[in-house]
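Accompanying notes for the structure given below.
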Amino acid sequence: MSKPILDVDAVRAFVTIVDLKSFTKAAEALGTTQGAISVKLKRLETRLGHHLIERTPRWVRLSAQGAVFLNAAREFLTAHDRAAAALSSEQRHFRLGIAHHVAGPETPTLLAMLYERDPGLTIEMRLDESRDLLSAFDNSELDAIIVRQEDDHLNGEDIGPEHFGWFAAPDFYHREGEPLRLASLAPCCGVRNIATQSLDDAGIAWVEVFVGGGHAAVMAAVSAGLAVAALSCRLAPSDTVEVSQRFNLPELPSSRIMLHSKLTDQRSRDALRTIAAAYREHRASMHRTLEKQL
């Protein structure tokens, strides 16, 4: 019996559906339609003679045969992409900037997906404040950036929400009547400005007792019990707790995360679509987890 000849696009559609748990998100990532994705999956299932994905209006999951096929499918795509990259003598670079308050636990996954999509790519990544990244992007020093909307002066692609809260160590003590002890970034930080304005509007006195040169420093100060800080709910240290209700602190407005790119070649734009779709799914999953914990 002859072995089935696999279609690269169909296999890629299958893996993308599995990774994003959605036909709609997979279509977005691959720059096509949901109908086209369904046709490709059906064609793959027909060639293999097995049902690979089970689907209802509420969820998408692997069948038993799909679970067996998944790792082999990934290896097939990696081998294909490596072979395609080997035929190109051009050394391609991708310069990506991610804002400090945006880069989170999904960053390694995004980089892995970018590399998997184009193994011949040299990736340069810069973590910095949104405003510095925007300036570098304007000066063509970066090919793509992911920043907060409030710091943004361009019309980029909206890739998801960001929610903020007030976080402190579990044993942090605030004496009633005294100014709230704050840890924050430098005064140019947009999150810091929103937080202090919210306190001022609520008539809550505050004093800055720690100013960090980066988010890691601020989170360390919060974990150490020095102060309260306004942090992304997604990025807050696991050893801290949300204290807005305990200390009657004002609700902080949500933000949006924006993706900007100057890349025009199809390979790079395909990779960016994949990253954006994966980023949305990861953030949505994190927020669903947070909502269950509240």
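The values are calculated or read from the model by the stated rules, or taken from the named source; none is laboratory data. As the structure is a computational prediction, the values presented were derived from the model and not from experiment. Glycine also receives a Cβ, built like all others from the backbone with ideal geometry; neighbour counts cover every protein chain displayed. Only protein heavy atoms, including side chains, enter the accessible area calculation; ligands, DNA and RNA are left aside. Shrake-Rupley method; radii C 1.70, N 1.55, O 1.52, S 1.80 Å.
Do we have Val209 as open to solvent by less than 40 Å² (accessible area, probe 1.4 Å), of a type in the set (Val, Ile, Thr), at pLDDT 80 or above and more than 27 Å from Ile159 (Cα to Cα) here? The answer is no for Val209. Could you go through region 77-96 and let me know if any residue there is modelled with pLDDT under 80, in contact with an Asp or Glu (Cβ under 8 Å, 6 or more places away or on another chain), outside any helix (DSSP H, G or I) and open to solvent by less than 50 Å² (accessible area, probe 1.4 Å). Yes: one or more hits.
Residues checked against (1) in contact with a Leu (Cβ under 9 Å, 6 or more places away or on another chain); (2) within 22 Å of Ser232 (Cβ to Cβ); (3) open to solvent by less than 50 Å² (accessible area, probe 1.4 Å):
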position: Pro108; (1), (2), (3): no, yes, no
position: Glu178; (1), (2), (3): no, no, no
position: Arg181; (1), (2), (3): yes, yes, no
position: Arg192; (1), (2), (3): yes, yes, yes
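Looking at region 140-248, the strands (runs of 3 or more DSSP E) lying wholly inside it that each contain 2 or more residues that are of a type outside the set (Lys, Arg) and farther than 29 Å from Arg126 by Cα sit at 206-211. Taking Ile257 as the residue in question, decide whether it is outside any loop (DSSP other than H, G, I, E, B) and out of contact with any His (no Cβ under 7 Å at 6 or more places or on another chain). Answer is yes for this residue. Being in contact (Cβ under 8 Å) with a residue 12 or more places away in the chain and within 26 Å of Gly177 (Cα to Cα) is the requirement here; does Gly225 meet it? Yes. Working only within region 39-68, note down all residues that are acidic (Asp, Glu) and open to solvent by 30 Å² or more (accessible area, probe 1.4 Å). Answer for region 39-68, where residues must be acidic (Asp, Glu) and open to solvent by 30 Å² or more (accessible area, probe 1.4 Å): just Glu54. Taking residues in region 238-263 that are surrounded by 15 or more Cβ atoms within 10 Å (Cβ to Cβ) and aromatic (Phe, Trp, Tyr), and partners anywhere that are modelled with pLDDT of 95 or more and part of a strand (DSSP E or B), not one pair has Cβ atoms closer than 9 Å while being at least 6 places apart or on different chains.
Listed here are the residues, each with its yes/no results for (1) under 17 Å from Arg273 (Cα atoms); (2) part of a helix (DSSP H, G or I).
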residue: Asp9; (1), (2): yes, yes
residue: Thr16; (1), (2): yes, yes
residue: Ala26; (1), (2): yes, yes
residue: Leu44; (1), (2): no, yes
residue: Arg58; (1), (2): no, no
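The numbered conditions (1) over 21 Å from the mean Cα position of the chain (by Cα); (2) open to solvent by 40 Å² or more (accessible area, probe 1.4 Å); (3) of a type in the set (Ser, Thr, Tyr) are all true for Ser198 except (2).
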